[in-house]
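Everything on this sheet refers to the single structure shown next.
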Amino acid sequence: MRVFEMELRRDQNGRIVDKIEMVKGRPVAGVYAYDAAGRLFEARIDGRLVCRCYYDKAGRRMRDYLPATAQCHAPGRWGRVHPAR
């Protein structure tokens, strides 16, 4: 038995939309959704929301909402983490 295996499914633009990982024989399903501009909008693992991404008007990723920790992370800002609003 392998310890880890991964299978990816991509959309017509090459973005990952589904990921199945087998970890010690147990499947873990990841699903990724993108906004109309093609940017990552949210990620789910086994149906549970793990990250939602927000962008400014210029298309820069401004913050991530991480519901498991109830915090927001501002990428590119040296790892600052703030309580979710």
Residues of the stretch 48-60 satisfying the condition of being open to solvent by less than 70 Å² (accessible area, probe 1.4 Å) and assigned to a loop (DSSP other than H, G, I, E, B): D56, G59
V23 among the aliphatic types (A, V, I, L, M) and at pLDDT 95 or above: no
Residues satisfying the stated conditions in the stretch 47-64, i.e. of a type in the set (D, E) and under 11 Å from the mean Cα position of the chain (by Cα): D64
Extreme residue, surrounded by the most Cβ atoms within 10 Å (Cβ to Cβ), among residues of the stretch 37-47 that are among the small types (G, A, S) and on the phi < 0 side of the Ramachandran plot: A43
Odd one out for R63 among (1) surrounded by 10 or more Cβ atoms within 10 Å (Cβ to Cβ); (2) modelled with pLDDT of 95 or more: (2)
The stretch 20-39, residues that are of a type in the set (D, E, K, R) and under 20 Å from D64 (Cα atoms): D35, R39
Residue within the stretch 75-83 that is open to solvent by less than 50 Å² (accessible area, probe 1.4 Å), modelled with pLDDT of 90 or more and assigned to a loop (DSSP other than H, G, I, E, B) present: no
Enumeration of residues in the stretch 1-36 that are open to solvent by less than 70 Å² (accessible area, probe 1.4 Å), over 17 Å from L49 (Cα atoms) and either touching a residue at least 60 places away in the same chain (Cβ under 8 Å) or not in a strand (DSSP E or B) (or both): D11, G14, R15, G25
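The values are calculated or read from the model by the stated rules, or taken from the named source; none is laboratory data. Computed from a predicted model, the values in this text were never measured in an experiment. Using ideal geometry, Cβ is built from the backbone for each residue, glycine included, and neighbour counts are taken over all protein chains shown. In case anyone asks, the SASA skips ligands and DNA or RNA and just uses the protein heavy atoms, side chains included. Shrake-Rupley method; radii C 1.70, N 1.55, O 1.52, S 1.80 Å.
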